[in-house]
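To keep things clear, I will list the structure first and then write my remarks on it.
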Amino acid sequence: MLTFARWKYFAILVVLVVSVLYALPNAYPQDPSVQISAARSGSTQIDAALAKRAADLLAQAKIPTKSVQVEDQGNLMVRLNDTEQQTRAADLLRPQLGSDYVVALSLAPTVPGWLEALGAKPMPRGLDLQGGVHFVMQVDQAAALNKRLEAYVEDVRATLRDSAVPYTSVVRRGNEAIVATLAGNADADKAQKQLRTAFPTLTQDLEGRTLTLNIPQSELQRISLDAIEQNLTTLRNRINAFGVAEPVIQRQGTDRVVIQLPGLQDTAEAKRQIGATATLEFRAVVGDEAAAAAAVRDRNVPPEARVYYNEAKQPLLLSKRLLVSGDQLVNAIPGNDQQGQPSVSITLNAIGGQRMLNHTLENVGKRLGIVYVEQIPVTEIVDGKEVRTTRTEERVISSSRIQGVFGKDFQTTGLSRDEANSLAKQLKSGALAAPMTFVEERVVGPSLGADNVKRGTTAVLYSFVFALTFFLIYYRMFGLITCLALLLNLLMVVALMSMIGATMSLPGFAGLALSVGMSVDANVLINERIREELRAGVPPQAAIASGYDKASGTIFDSNMTALLAGLALLAFGTGPLQGFAMTMIIGILTSVFTAVTVSRGIATLIYGNRRKLKSIAI
Amino acid sequence: MKIFPLTLLPNDANVNFMKLRWVSIAVAALIMFVAIGAMVTRNFNYALDFTGGNLVEVHLAKPVGLDTVRERLAADGYDSAQVQTYGSGNELLIRLQPREGDSGSAATAHAAEAVMKAVSGADNQAKILRNEFVGPQVGRELALNGLYALLFVVVGFLIYIAFRFEWKFAVAAIITTLHDVIVVAGWFAISGHEFDLTVLAGILSVMGYSINDTIVVFDRVRENFRSMRADPETVLNKSINQTLSRTVITSFVAFLTVFALYLYGGGSLRGMAESQMIGIIIGTLSSIFVACPLLTLGLLKVSKQDLLPKAKDEAALARRP
């Protein structure tokens with residue numbers, strides 16, 4: 001009859017407590033704040049002294065703050081009262097602190113520590129709810145492939161030349177093969193052997209004098225993947241440099257990159273930064289650190305050299321003669337050398353390799369410097385007018401000793417694991433592997449974002465009020481049970497979304513409202529079944545029990561089909577649509593649970609123990 | 001009449017829906033053909049999401065004449081700019097196709113500049129609330145993905161229902177659902193209301209809702225076929241009548257929730273709410289007037305044999321929650 005196992009009540013209670021805990025962080029508003037972090041790790045300190053300096057600067061400018069202190073992850077967080085003061089504070093601090101620090105607009109959580117300790121976090125908000133910039137960039141894969149394959153052709157020529165195999169031509173055939181036509185007197189076996197060592201991934205076909213090097217599909221895919229990965233690294237470095245608190249930089253599909261910069265408003269500036277150019281230069285080191293320090297102190301720099309600085313701001317003298325430039329760098333991969341020490345394997349193209357060979361022949365034991373050169377666009381106000389110029393930033397990222405004679409492939413050693421990874425990244429980030437174009441761009445102002453939040457919450461609130469009012473009037477006591485189930489449903493959806501870190505967006509609110517609709521359906525099915533049983537003359541308690549039993553099969557079937565629609569949206573939708581689908585799916589699952597199990601539990605609690613139940617309010 | 005318990009429909013509803021089946025199917029077919037005709041002849045008013053282009057939303061200190069803005073934009077090289085007011089009348093929503101020669105990043109900047117120039121006067125401060133650019137390629141992919149999603153849902157429904165019920169039910173449910181989707185899409189073609197991504201999402205969720213409604217009725221049909229001794233038409237009729245109050249109440253409340261979205265959700269959610277509101281009404285009507293009548297026609301005619309419990313079914317029923 002109408003019974004409900006005790007352990008199920010316990011389970012519901014646990015679900016309720018967990019839901020409340022994990023939904024709770026969303027109730028705490030976030031503080032508009034300015035986040036200050038070190039521009040490059042190691043060189044600058046984020047400490048109490050900096051906090052005092054920032055606090056003093058703000059006090060002088062009469063910008064009231066809630067707090068200025070070093071918070072987790074070693075960032076200085078300046079909390080403010082509103083977004084207008086937030087912008088003023090950031091504009092004030094940015095020039096004062098200089099380029100050693102990144103000053104970013106941010107939203108600081110106000111969630112109490114004990115909730116955070118449980119891992120409870122508010123849902124991240126989509127750009128449509130907080131304002132910001134959304135870019136989608138398309139990577140020109142064809143150009144990346146072209147560039148790489150041209151380098152192959154160049155290398156094949158060089159290999160043949162180096163191994164003294166005469167040839168009449170080396171050409172590319174589409175994206176599939178490189179065809180080398182050997183001269184009449186050439187040693188084909190030698191050519192094949194040499195090329196096999198140089199290009200182990202390519203398969204060879206010899207027909208008469210024609211040697212075809214086939215490029216396997218897997219190699220082409222690897223080139224494409226490398227190109228987009230390299231572009232991603234480049235973009236990440238550039239975006240990190242201009243201070244956005246929580247940027248999203250993601251690969252989408254095979255050739256797109258999605259960039260989201262919450263809170264950022266100056267799109268033009270962001271686009272210039274993202275599109276900035278950088279390159280590398282290989283230059284011989286002149287003298288050592290001591291000589292460089294002396295040269296800087298005495299202002300007596302040798303005529304063939306120039307002073308460069310490394311990341312730690314230590315001077316080093318490098319030759320004015322450019323040995324190899326960045327566009328001659330083909331690849332850089334972190335790995336291990338023969339002794340198992342961390343290293344970076346660098347590959348140059350044929351021209352670069354030849355120059356490197358010539359240089360190393362004469363300079364074994366001397367040092368080689370790699371300089372990272374970046375053109376950074378700057379906007380300055382001169383005489384009240386905006387002037388756009390570029391600033392060139394150069395820094396030495398490596399200066400290792402030349403161990404022996406080498407050509408286009410060589411290794412840089414004597415690094416820690418982190419240094420090797422970072423150097424490989426910086427070498428690669430020198431240039432974009434393939435040109436990129438902006439294919440989508442959305443800028444949402446912060447006021448519109450705040451407006452959207454207000455509209456979304458109002459809409460969900462009213463959809464609840466409408467539904468709850470109707471149920472209370474129409475089903476009385478069972479209406480109340482339904483209302484409790486609906487409210488728990490909402491709580492569970494919010495809690496689950498927060499737990500998995502699903503981004504809340506405007507369509508997400510629509511998903512919430514829709515999950516109310518879904519939940520309504522399940523509850524109506526049950527309540528109508530109970531009424532039907534009562535009309536058929538079944539005693540109240542039995543009517544309730546069989547109402548739940550009979551309805552649950554139907555609920556299961558109808559929700560499974562609705563779930564399919566949600567899954568389709570999740571699979572084929574993008575961005576906000578996926579948010580909508582996610583809410584819908586979670587809403588359907590929780591509504592089955594709350595309608596079938598929770599409301600039955602409540603109904604049993606109310607009606608289960610009465611001996612002589614004559615009628616029920618439904 | 002007793003006030004409690006409240007009922008929207010009489011408990012002993014016994015409308016002979018089956019007698020009306022030729023009329024109801026004819027009406028449904030007619031509406032569907034009108035919808036298809038509208039889609040073919042008028043096409044959709046596709047939004048930026050699908051066509052690509054620029055969208056700029058500005059807030060003004062004072063309202064301006066829309067025609068002036070259009071003229072100024074045309075003078076600046078944007079011939080077919082769509083300008084509409086929004087919200088309080090101080091907000092403008094402007095849609096532009098990029099000028100010739102403008103590529104992605106330049107297009108956005110130029111559009112914003114042109115709009116600022118066109119709307120602001122000496123004493124009228126304009127502020128850009130939103131500035132979007134979507135490349136035409138992205139739009140095409142989105143449209144294609146929408147189509148894939150639709151196919152995925154249809155096939156998924158077919159398999160699931162054929163497995164849980166019977167293939168005739170699956171086909172009838174799919175026809176009903178497609179009918180609903182076509183009618184909702186047709187409405188957007190007829191009204192010329194903007195068809196954007198959220199509308200597409202709305203339509204997909206309408207599929208979920210519509211099938212949900214149909215399944216509930218079919219579930220009752222299955223149950224009654226097993227317990228009643230009567231001819232199929234009586235069983236179908238009885239099933240519709242028994243689920244009628246549930247169908248109406250659910251739809252009523254679901255409509256209310258979506259209506260709240262329509263009223264308070266603001267412009268960005270209006271299209272979605274609109275598609276869902278129409279979808280709920282059509283979905284309810286079709287689950288009553290189309291789904292079951294289809295089960296009496298031609299190849300889809302169900303008989304008791306189709307639903308006699310099979311061994312496999314019994315086992316499945318026993319496992320049901």
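Coordinate-derived values only; no laboratory data. What you see is a predicted model; the values in this text were computed from it and never measured. Every residue, glycine as well, gets a Cβ built from its backbone with ideal geometry; the counts of neighbours run over all protein chains shown.
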For residues of A:441-449, the mean tally of beta carbons on other chains within 10 Å: 6
For chain A: relative contact order, % (alpha-carbon pairs under 8 angstrom, 6 or more apart): 16 percent
Square roots of 5 times each gyration tensor eigenvalue, C-alpha, region B:53-134, largest first, Å: 20, 13, 11
A:Asp187/A:Leu220 FRET efficiency (R0 22 Å; Cβ-Cβ; nearest 0.05): 0.15
Shielding score for B:143-149, defined as the mean number of other chain Cβ atoms within 10 Å: 4
Zero-based 10 Å bins, Cα pair distances in chain B, whole percents: 5, 21, 25, 19, 13, 9, 5, 1, 0
Choice from B:Gly135, B:Gly298, B:Gly271 showing the highest fluctuation, given a GNM over chain B with Cα pairs closer than 10 Å: B:Gly298
Helix A:506-535 vs. chain A, principal-axis angle (Cα, 0 to 90°, nearest 10): 30 degrees
Nearest-ten-degree value, helix A:575-593 long axis tilted from longest Cα axis of chain A: 40 degrees
Degrees between helix A:188-198 axis and first principal axis of chain A (Cα, 0 to 90, nearest 10): 50 degrees
Within the protein assembly as shown, helix-based [θ] at 222 nm, where runs of 4 or more DSSP H residues each add -39,500 (n - 2.57), nearest 500: -18500 deg cm²/dmol
Relative contact order [Cα under 8 Å, 6+ residues apart], region B:53-134, whole percent: 47 percent
Rg to Rh quotient for the protein assembly as shown, alpha carbon positions, Kirkwood Rh: 1.05
Size of charge dipole - chain A - debye, nearest 20, with Cβ of Lys, Arg +1 and Asp, Glu -1, no other charges: 1380 debye
Distance in nm between pseudo-label sites at A:Arg299 and A:Lys52 (7 Å out along the Cβ direction from Cα): 3.5 nm
C-alpha center-to-center spacing [region A:501-578, region B:133-195] in angstrom: 21 Å
Student exercise, region B:137-243 dipole from Lys, Arg, Asp, Glu Cβ charges, in Debye to nearest 20: 420 debye
Cross-link table A:Lys612/B:Lys238; A:Lys147/A:Lys366; A:Lys147/A:Lys408, entries beyond 24 Å C-alpha to C-alpha: A:Lys612/B:Lys238; A:Lys147/A:Lys366
With 10 Å bins from 0: P(r) over region A:196-248, alpha-carbon pairs, percent: 20, 29, 20, 16, 11, 4, 0
Student exercise, chain B dipole from Lys, Arg, Asp, Glu Cβ charges, in Debye to nearest 20: 1460 debye
Highest-MSF residue in chain B out of B:Pro232, B:Pro63, B:Pro293 [GNM, Cα springs under 10 Å]: B:Pro63
